[in-house]
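Working notes, beginning with the structure itself.
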Amino acid sequence: MHIRTDQIKADGLTLEFEEMADVFPVLSEMITRCECQFVAPIKTALRAIRIGDMIEVTGRIETQVRLPCGRCLEEYEPPINSHFDLTYVQRIPGAPEDKQLEEIELKAADMGLIYFEGEEIDLRDGIQEQVIMAFPIKALCRENCKGLCASCGHDLNKGDCGCGRQPPNSKFAVLKNLKLQT
Ligand SMILES: [Zn+2]
Ligand SMILES: [Zn+2]
């Protein structure tokens, strides 16, 4: 998951690779904590080009995870796809004092720039962040997942539980609210 800057020719560099999720420290931690599982490796296809003293890396990641649905708790396997655009800047050795350097780098991070040292860019953190950002914000096994019955815990996607609970927002619930207001 490295780019050697001397491999980036005038017309750029195209790279493709595949890594298991557990080589990424944060993803590996998520797996250990059972927050999710990866059912496919993380595929990355990218193109790196040089723009002045910056290196722009654009590409896409693709993988698939297994997550519990936020409503019915049933596990499902959403695909994860994302385009990314990362800009790397080479750190110039021996430039400003440490303190100043820290400030400059913080500002650079605000602008979305990532510093690298030497002749090699390590893409691991950048790719890992893209995978995390591409996670579904609201994990739902299907758009209209009915979730679990609030009184008996039955998975309502598998049919009504028959425990007598009125589904929220039903005609009955609306009527009930009207009655309360009058
Ligand atoms: Zn669900
Ligand atoms: Zn029920």
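Under 9 Å from the Cβ of F38, count the other residues' Cβ atoms, weight Lys and Arg +1, Asp and Glu -1, and hand me the total.
Within the 9 Å Cβ shell, the charges total 0.
Taking amide hydrogens as modeled 1.01 Å from N in the peptide plane, which residues meet the under 5 Å criterion relative to F116, leaving out close sequence neighbours?
When sequence neighbours closer than 5 places are left aside, the close amide H contacts are V89, Q90, R91.
Could you tell me which GluC sites (Glu not before Pro) in the range 78-163 are loop residues by DSSP with no more than 15 other beta carbons within 10 angstrom of their beta carbon? It would help to have the intermediate numbers written out before the result.
Values: sites: E97, E102, E103, E105, E117, E119, E120, E129, E143; in loops: E97, E117, E119, E143.
Passing sites in the range 78-163 are E97, E117, E119, E143.
Using protein chains only and a probe of 1.4 angstrom, how many square angstrom of C72 are accessible, to the nearest 10?
Here the residue's solvent-accessible area equals roughly 10 Å².
Among G70, G159, I132, whose Cα lies farthest out toward the positive end of the dipole of the range 24-159, if unit charges sit on the beta carbon of Lys, Arg (+1) and Asp, Glu (-1)?
Value computed over the given set: G159.
Have a look at the range 1-51 and give its Rg and Dmax from the Cα atoms, expressed in angstrom.
14.7, 44
Principal axis lengths of the chain from Cα atoms, whole Å, largest first?
74, 38, 31
What residues have an amide H closer than 5 Å to that of F38, excluding those fewer than 5 places away on the same chain, when H is modeled at 1.01 Å from N in the peptide plane?
Answer set, sorted by chain and number: R66.
Along the charge dipole of the chain, Cβ charges K/R +1 and D/E -1, which of F84, L13, V57 sits furthest on the positive end?
F84
Just how large is the dipole of the range 1-95 about the Cα centre, in debye to the nearest 20, putting +1 at every Lys and Arg Cβ and -1 at every Asp and Glu Cβ? Present the calculation step by step, with values, prior to reporting the outcome.
On the way: 10 positive and 15 negative charges, 51 e Å.
The calculation lands at about 240 debye.
With only Lys, Arg, Asp and Glu charged, each at its Cβ (+1 for the first two, -1 for the last two), find how big the charge dipole of the chain is about the Cα centre; round to the nearest 20 debye.
Numbers: 21 positive and 30 negative charges, 358 e Å.
Approximately 1720 debye in magnitude.
Strictly greater than 22 Å: what percent of every Cα pair in the range 22-114 meets that?
Beyond 22 Å sits 51 percent of the P(r) for the range 22-114.
Computed over the Cα atoms of the range 48-95, what is the ratio Rg over Rh, Rh following Kirkwood?
Working: Rg = 18.5 Å, Rh = 13.9 Å.
So for the range 48-95, dividing Rg by the Kirkwood Rh gives 1.33.
For the chain, what does the relative contact order come out to in percent, with C-alpha contacts under 8 Å and a separation of six or more? The partial results should precede the final answer.
Working: 277 pairs, mean separation 35.4, N = 182.
Computed over the chain, the figure is 19 percent.
Using the Kyte-Doolittle scale, find the helices of the chain whose mean hydropathy is at least -0.5 and whose Cα atoms extend 15 Å or more along the helix's long axis, counting only whole DSSP H runs.
Values: long enough: 98-110 (18 Å, -1.01); 171-181 (16 Å, 0.14).
Qualifying helices, which must be both long enough and hydrophobic enough, are 171-181.
For every helix of n ≥ 4 consecutive DSSP H residues, a contribution of -39,500 (n - 2.57) applies; sum these over the chain, divide by its total residues, and give [θ] at 222 nm rounded to the nearest 500 deg cm²/dmol.
Here the helix-only value at 222 nm equals -7000 deg cm²/dmol.
The values are calculated or read from the model by the stated rules, or taken from the named source; none is laboratory data. Keep in mind it's a predicted model, so treat the numbers as computed, not measured. Positions of Cβ are backbone-derived with ideal geometry, glycine not excepted, and every protein chain shown enters the neighbour counts. These accessible areas exclude ligands, DNA and RNA; they are computed on the full protein's heavy atoms, side chains included. Shrake-Rupley method; radii C 1.70, N 1.55, O 1.52, S 1.80 Å.
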